[in-house]
Structures are given as structure tokens and as C-alpha cells.
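Encoded as C-alpha cells, the structure appears first; notes follow it.
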Amino acid sequence: MTHDMAAGERALDKLLANMKDPCIDLNEADTRHRFLDLLIHDVLAWERSDTHLEKHADGEYSDYELGEPPQILIEAKKSGVTFDLPHEGSSRLLRSIKSISSNSQNFKKAFEQVVKYCANRSIQVGVIANSTQIIVFIGVRADGVPVIDGKCLAFCGYESIKQNFAKLWQALSPDAAGRHALLEDLRSGSALTGIPAKLSSRIPDYPSFRYPSGSQQSLRVLSDLLIEDAPNTPEFRKSFLEKCYCESGALAQEALLGKNILAARYAAMFAPTEQSPTMQPIKPSLENRFGLPPEAIADAFGRRPIVIIGDVGVGKTSFIRNLIYVKAEEEMKDTIFIYIDLGSQANLGQNIQDFLLGDIKRQLLEDYSVDIDENSFVRGVYYGDLIRFEKGIYGSLKEKSPEKFLEKQIERLSELTKDTTHHLQKSIEHISKGRKKHVVICIDNADQREYDDQQRAFLAAQEFSSSWHALVLVSIRPRTYFASKASGSISAYPQRILTISPPRIDKVLERRLTYSLDLAEGRLPLEHEFTINLNSIALFLKALIYSLENNKELRELLVNITGGNIREALELIKKFIGSANVDSEKIIRAMEIGNSSYVIPLHEFSKAALLGEYSHYDSRSSIACNLFDLRYPDPREHFLCLILVSYLLSDTTSKDRDGFIKAIDIIAEMQKIGYVSEQIEQALRRLTNKKLIEGTERITFDEGLQGLMGDMPLAFRATTIGSYHVTRWVPTFAYMDAMLFDTPILDNDVRTDLVSKISSFEISERLRRTTIFRKYLDRSWDEISNPPLYFSWDNLRQLGEASFNSVQKFVASRTQRTS
């Protein structure tokens, strides 16, 4: 059934025409059968499979529940039970619930009944209807406002229903997006009514940047040079790839998700209704050392680009460079290879098409000594055109007037070379035939550009492949490819695409840090002069390498919190080395006195990951997500995100083989605990954007006036980032110490207690604040009357005891030393 409002309006006209006598006395069953049933299914377009009649719950019955999971509850009353509305103008649609309740005992009784039903079943929209009146209201509110203090839509009489059908459709049709917008009209205040300001609002200049010391700044500069800059220079490129490249697809032992889920990284990328291409993972083997399936190569020579799809930071660039410069080094000697880096080379404001053509032209000149504008080369490219020109109308000038003939010939060549795209294409073909070489064009790092630029890069790859007779590799993000295909901008998209999974993060970091240490200690010569000693960075790198080898908890954090994103992991390592939130001098001193077995404690790395460059947690810049944050003044909501991720991690039978659970099943499960759909959907959107969970087709959400907006995907699953948050990070002192500044505290006394000395960084004060915050969360957990079996705050809290005890011992020992 299609959700077509125009068709619904025609069905409404037919329904009202058939209700011959509007004064006819219909009992409750007649009201439901003769009026509401037709209204729900024929007019409002609900599928009968999504409509539940006489639904029983907790000993109570409701007449209709619409949606799966239920979104709307309708209570039918016989036509004799009318609702007397206050005289506020007969045409007024938006009414006060309290004023109608005061004026009509029939409405008050029915309203209290429906509110009870809605509360017991966490159904947000309630409806009371007889044969001529329909009253719509919010049956469960999470914003702290009593339901009776809200507004309602009162459709009184057939004329009102007909004239205001657009509003009725918006309120009660299966169009969930329209209903969410309408709910805002029915609230008496803001969606955030009753939410107190976060503690961060009491901190001057929040979030304040922490400036590193001179030594920390030196470490940061050197870490950028040794880890990022030097390995990417041409003189180190080959040795770097040989020593540091790790094959994709290996699964780290410390990953907190099942191997079947990790292996299915790119599952459910397409909607089930779409024709999906074949997705093949890149897997080098003894028989296929390049890792490119023969079918993909055949497609490429069939004038389609080889599409390499991978999430940001999984190693697409490393795979391509290793293939070209190491594995296929011999083969590439007989190849004209053009490598275009849209990440570091293209200017942000530059037209992508112009950049691609200009860079190809530049590389032909610099790498192959081919100037495509040089006279003799141009004449070679268009030799056949010049022969035809000589046989044409100006051919006789060659003998009679050579200078005139040459002038006309140059004019012709000028016309041929004026179209840059065409001239480059002809030049590539000429070089390929003349030198008997294949042409390979690689367009890389398009995923670092805006979406439109990524699309243009893909379309250019199609053009190069189909018209230039070149083998083309293009690497893009999954969403770019699928959105382009869905929008029709990609017409002849390949039926086979290659996927690349991340290598083991711990192995990548181990090799990269070892290579950087070789640079720092001179085993690989750096062509730079330094006024500062490399000894400090070398000692720090040794401590990091040893810690990664011997601290399983540290490996676990890096492997999981980066979600397989190598770029993110390296950035985290670089930030840690020069962070103002890390006591780097203590680490270097320990190494200087010969403590080569010094292990960097987990809390040092955790603090740097939580705070980044700032003195306090900032949700916009931190890799971490505050799972205790609220959108509504409901203390139970402190645990909604934790419960959601835990449900996705549980062994529920609702989960498919790739770890996905349908969105409707997730919402239904959370409604059983007492959350309403609006709370649940906002939490799902926030968790998705912070990468703790992911949806089918990898949908993300945009920020709107009413929070995160956008269509919900069909299903969700947890990521390693979400798993680490819920099973490791949340109960620790470091996490709770950071998050209490970003969490609205609903208890006035607790808030007053926490605000005391709010700007203090003293460890004893931080311990006091965090202990108070944890006790506040304990009391908030008690508000959940029916907690699920798969999540217990009490059990999770116990996992953090060791970190709290460690801080308590440190504070106690320091107090003893000073007393």
C-alpha cells in the first residue's frame, strides 16, 4: 500500500458520504467497524498487518495499536459519548488538553484511560475517537511536562476532518517523519524543557585548549616528521612499504566483536530492493600475489574502472602504493603509471576535472619526459589528421604557398589541441602505442574530498576507463559509490567491486613505530638538520613499542576505539606523544635511567583519547561518546545508549548472521523497558554518528533544529567502538571524570555539590566529584523498574572499581606524604 495523501483524501470523501446519518447512534463496535476501520486502512493507508485490534497488555485492552512496534494507540467510543469542547472558536484545531478535561467528563475519563495504556506500553501518540470526533495527543512525554499540560488536535465533525485532513494525515498516517514534526506543535514548550545546563557551562572559556610545554611541542613536531611526513617522501617510499605494509583483512585478537561480524564489515551495504553488485575482498595469496581478482582485471580491460571500496582510513592508499611500488614493481616498468592524490595535492577550491587533467599532464612531463604541447609530439599524435589535411582543400598550398600551408596546418592543430580532455586522451593513446606500454591511472583519496567532488572523481574514472583505453583504479567511500548509483549519476557502474578491510591495527602501529625509531636513531638517514636532539623522541618511541607489546589493555583500547581506522590510530598515537594531558617527561625519565621495561599505564592513554587537546571533554572533538548525555529530563535516559549498544551486542535471536538487528525490533525492545520512540530514535542517531553502532547502507544523520534528522535504516549493529565504550571504558574513573562535565544532572542537590570547586584539577577534588557523579547514576538506575537481562549497571559499575581504588590509593599516599 502506498502512502499517498491524495488517494487518502479521495477515500475520506467516500467514507464521509457513506456515513449517511451523522447523528446515528453507533455503539463502540460499530464506531470501530463502520468508521475507524475504514479511516485507518483506506484513508490513512495503514497495512492491516501493522494494525492490532483489542491488544491486551497488563490486563488492559486497547482498541487499536498502529505500527510495528506500536506508534499510535486509538481508543474507540460510541457515538453517544461526545466530548464537549470549550467555546474557543469552532474552527480552532490546536486545543489545551487541560481545558477540554475540565469541560468534558467523558473526555477526561477516556483520556486518563488512554494515557495509562500509552504509559504501560511506551506508545507516544494517543487518540480518542467516536464517529464524529477525533482527538490526538502525546500519550507519553519524556520532556518532563505532564501529559495533561500539553496540547491536542481536536477534529470535531466531518467538516473539520475534511478541511484539516493534511494535519490528520501528518498526525496519524504511517509517515513517521511528518508525525515527529507535528509532535513539536503538541508540546507546550521546548523539546528540552526541564533539562538543566551542563556543568561545563559553569567553567570559564570551556572548552579551553591545553597548551603543550616546549618539550611536548618538540615531541609533537618530531612525531609528525617521523611517523607521517618522512615515510611519505619519495626517498623512503619503497623501504617504508617493504617494512611497514600489513595485508588487509587480518583480525586482531583484542577485537571485542565476533570474527564473523568483523569479517562481514561491508555486509548490508545495499538496500534489499536494489540490484547489488558482486563485492569481492582484496586478498593476496600465493597464487594471486597482487590480490586483484582476475574477473576485476577482465572488467577493467572491458572499459570499466576497478572500484576499490573501503571505509575511511582502512588502508586503501597503502594497498595501492604497495601494489604499484613493491609487488608489481617489475610489471610497472612496462607501464605508464599516473597516480593522482586528491587528498594532499588538490586544492580545496580547485575544480576536480581541471586538477585531474592538469596533474596527468604534469606527471607525463616530469616522470616520462613527455611534453604534450611540444610541436613534434603534437604532430606525431595527429599524424593521421595531418595526412588527411594534406589531401583536403588546402593541400595544393603545400607546393604553391608553403608558408600559407603551414599557417593553415597550425590552425588545424590548434583546433585539435584546444579541447584539453580530447588532446590528453589522444596523447595517452599515442604514447601507449608508440612505447608499447599499458596505461594505468589511479585516482586515490577521493574520500578526503566533499561528496560532490567524490562523485566527479568517480565519473572521471569511468571516462578514463571507457574512452582512454586505460586501466583505472579508483578508491572511494562506500556511501559515495552507493549514493552515486542510486542518484543515477553512475550509469554504467561495474557489477563487481573490490572491498578492502583494515589490517591488524596493533601490527601496523608496531611496524610504523619501529620504522620511526630507525629514523630517529639514524639507521635510516634523514636529510634534515635539527637544532633539537632526537634522543627524547627515540626514548618515547621505545616506551610506546614496549608498552604495545606488553600491555594487552593498551592494545585493546587502540584496536577497538579506532574501529579499524589506521589513520585514526596513527593520529591518536601522534597526539599522545605530544599531548599536554600526558606526562611525557616522566616517561622519558624512566627510559633514561635504564628502565627499558617501563609500561605506559592505560589511564595515561585513556585520558589523552578522552580529552584530546583540551582541558575538559568536548563532544565535538573527542573520539569518545558521552553515553550518559540526555535529551529529555528523564533520569532513566542516562542508560538508554548503554542499553541500546548492549542489546546489539547480546545473543538475541533477532540478530542476523552479520550482526544486524531490525530497527523495529530495537525500538520494540526499548519500549518494553519504558522508553518512547522519540527517545530511542534520537539515541540511535547519536550512536550512529559517533560510530558506536552502524546502520544498513551506512546511513548517517544531519543535525536539525529538533536534533539529528534523517530516515532510519532498516537495521543496526554494534561496532568495536561501541563495544569498547560499553564493556571497558564507561565504568572507569578516567571516563566518568571526563563525562560528568558534559552530563545534565537532574538532581539539584547533586548539581550544587558538583559545582563546588568546579574548576579544580586537583586529583582529590576530581575523585570527590566523580564519586558523587557515580552515586547519582546509581540512584538514576533505580528508576528503571524492569531492567533488561543483557545489561546491568550494577555489574558494569563493578568493572570500574579497580580504577577508582587506584586513584583512592594515590590520593591517600600523597596525603600521608604531605602530613
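The values are calculated or read from the model by the stated rules, or taken from the named source; none is laboratory data. The structure presented is a predicted model; accordingly, all values stated were derived computationally and were not measured. Because the Cβ atoms are built from the backbone with ideal geometry, glycine has one as well, and the counts that use them run over all protein chains shown. Only protein heavy atoms, including side chains, enter the accessible area calculation; ligands, DNA and RNA are left aside. Shrake-Rupley method; radii C 1.70, N 1.55, O 1.52, S 1.80 Å.
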With criteria (1) under 31 Å from the mean Cα position of the chain (by Cα); (2) open to solvent by 10 Å² or more (accessible area, probe 1.4 Å), ALA718 comes up short on (2)
Fill in: Any chance ILE643 is at pLDDT 90 or above, under 28 Å from PHE209 (Cα atoms) and of a type in the set (Val, Ile, Thr)
no
Residues of region 311-329 being of a type outside the set (Lys, Arg), surrounded by fewer than 19 Cβ atoms within 10 Å (Cβ to Cβ) and more than 24 Å from LYS361 (Cα to Cα), in sequence order, are VAL312, VAL326
Checked ASP25, ASP42 against criteria (open to solvent by 50 Å² or more (accessible area, probe 1.4 Å), touching a Gly at 6+ places or on another chain (Cβ under 9 Å), modelled with pLDDT of 85 or more and farther than 16 Å from GLY67 by Cβ); the one match is ASP42
When restricted to ASP334, ASP354, ASP373, the only residue of a type outside the set (Ser, Thr, Tyr) and in contact with a strand residue (DSSP E or B) (Cβ under 8 Å, 6 or more places away or on another chain) is ASP334
From the option list ALA580, ALA590, ALA624, single residue qualifying as within 30 Å of the chain's Cα centre (by Cα) and open to solvent by 10 Å² or more (accessible area, probe 1.4 Å) is ALA580
Picking from ILE680, ILE664, the residue that is open to solvent by 10 Å² or more (accessible area, probe 1.4 Å) and either at pLDDT 90 or above or in a helix (DSSP H, G or I) (or both) would be ILE664
Of the residues in region 194-209 that are among the hydroxyl-bearing types (Ser, Thr, Tyr) and part of a helix (DSSP H, G or I), the one that is least open to solvent (accessible area, probe 1.4 Å) is SER200
For region 350-367, state whether one or more residues are in contact with a helix residue (DSSP H, G or I) (Cβ under 6 Å, 6 or more places away or on another chain), among the charged types (D, E, K, R), under 26 Å from SER465 (Cβ atoms) and free of Cβ contacts under 8 Å to residues at least 12 places away in the same chain. no
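Restricting attention to helices (runs of 4 or more DSSP H) lying wholly within region 431-549, give those where 1 or more residues are open to solvent by less than 10 Å² (accessible area, probe 1.4 Å) and at pLDDT 80 or above. Step through it out loud before you land on a result.
Values: elements: 451-467, 478-487, 505-520.
Hits in region 431-549: 451-467, 505-520.
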On the given criteria, is PRO212 at pLDDT below 60 and either open to solvent by 20 Å² or more (accessible area, probe 1.4 Å) or not charged (D, E, K, R) (or both)? no
Residue pairs within 8 Å by beta carbon, gap of at least six or interchain, first lying in region 118-129 and more than 13 Å from LEU66 (Cα to Cα), second assigned to a strand (DSSP E or B) and among the acidic types (Asp, Glu), listed first then second, are ASN120/GLU60; ILE128/GLU75; ALA129/GLU75
HIS638 meets each of (1) buried (at least 20 other Cβ atoms within 10 Å of the Cβ); (2) in contact with a Gly (Cβ under 6 Å, 6 or more places away or on another chain) with one exception, condition (2)
By residue number, the members of region 759-771 that are surrounded by 17 or more Cβ atoms within 10 Å (Cβ to Cβ) and either modelled with pLDDT under 95 or over 32 Å from the mean Cα position of the chain (by Cα) (or both) are ARG766, LEU767, ARG768, ARG769
In region 370-418, anything outside any helix (DSSP H, G or I), within 23 Å of SER432 (Cα to Cα) and open to solvent by 80 Å² or more (accessible area, probe 1.4 Å) is listed as ASP373
Reported set for region 602-621 where residues are touching a residue at least 24 places away in the same chain (Cβ under 8 Å) and in a loop (DSSP other than H, G, I, E, B) is GLY612, GLU613, SER615, HIS616, TYR617, ASP618, SER619, SER621
Residue pairs within 8 Å by beta carbon, gap of at least six or interchain, first lying in region 512-523 and touching a residue at least 12 places away in the same chain (Cβ under 8 Å), second part of a helix (DSSP H, G or I) and open to solvent by 30 Å² or more (accessible area, probe 1.4 Å), listed first then second, are THR514/LYS243; TYR515/LYS243; LEU517/LYS542
Within region 62-111, residues modelled with pLDDT under 85, under 19 Å from ALA668 (Cβ atoms) and in contact with a strand residue (DSSP E or B) (Cβ under 8 Å, 6 or more places away or on another chain) come out as SER62
Next on the checklist: Would you confirm, using the coordinates I've provided, whether GLU556 is part of a helix (DSSP H, G or I) and over 15 Å from SER223 (Cβ atoms)?
Outcome noted: yes
For region 350-369 the number of residues that are outside any helix (DSSP H, G or I) and within 15 Å of ALA457 (Cα to Cα) is 2
